[in-house]
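Computed from the coordinates by the stated procedures, all read-outs in this text should not be read as laboratory data. Computed from a predicted model, the values in this text were never measured in an experiment. Counting neighbours? That spans all protein chains shown, and the Cβs are built from the backbone with ideal geometry, glycine included.
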Amino acid sequence: MVASFESFLTQRPSRESIHFLQDTELILISRSKLYELYEQSPAIQELGRRMAEYNYILAMERIYSLQHDTAQARYEKLLDIYADLINLVPHHYIASYLGVTPESLSRIRKDLMR
């Protein structure tokens, strides 16, 4: 599932934009229709709860990492988790995700090559 979770919950315009880097097929569902499904199916409701919990954990881990980890440590963690994406995603997006400039990311990558 791909969404601006905050925007979805608050029904306010998103502060984020979502870009697909490859051809993608989307299935759209409105908030009201999803909530109808929650009412009709305890299994779908539980799936929604678990996705919300997972999103929360990811957000807390990201905040902690941005506050406490070095940029190099964040990059190494990204490599461990998403090694297959590193060559697919433009470096300026990776730098933005890590909270560094593209030049800093280049230095980190160069240091890791040594």
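Structure notes:
- Within the stretch 7-102, the GluC sites (Glu not before Pro) that combine a DSSP coil assignment with at most 14 other C-beta atoms in a 10 angstrom radius are E16, E25.
- Alpha-carbon spread of the stretch 70-114, three principal axes, descending order, Å: 21, 20, 16
- Under the span-like rule (Cα at least 20 Å along the axis, Kyte-Doolittle mean at least -1.0), DSSP H helices of the chain: 42-68
- Taking a Cβ cut-off of under 15 Å around D111, the surrounding Lys, Arg, Asp and Glu residues balance to a net charge of +3, with basic ones at +1 and acidic ones at -1.
- Dimensions of the chain along the principal axes, based on C-alpha atoms and rounded to the nearest Å, stand at 56, 32, 26, largest first.
- Once the C-beta distance of R114 and R12 is scaled by a Förster radius of 41 Å, the resulting FRET efficiency is 0.30 to the nearest 0.05.
- Taking the alpha carbon gyration tensor of the stretch 1-68, multiplying each eigenvalue by 5 and rooting it gives semi-axes of 23, 18, 12 Å, largest first.
- Value at 222 nm in deg cm²/dmol, rounded to 500, when DSSP H runs of n ≥ 4 in the chain each add -39,500 (n - 2.57): -20500 deg cm²/dmol
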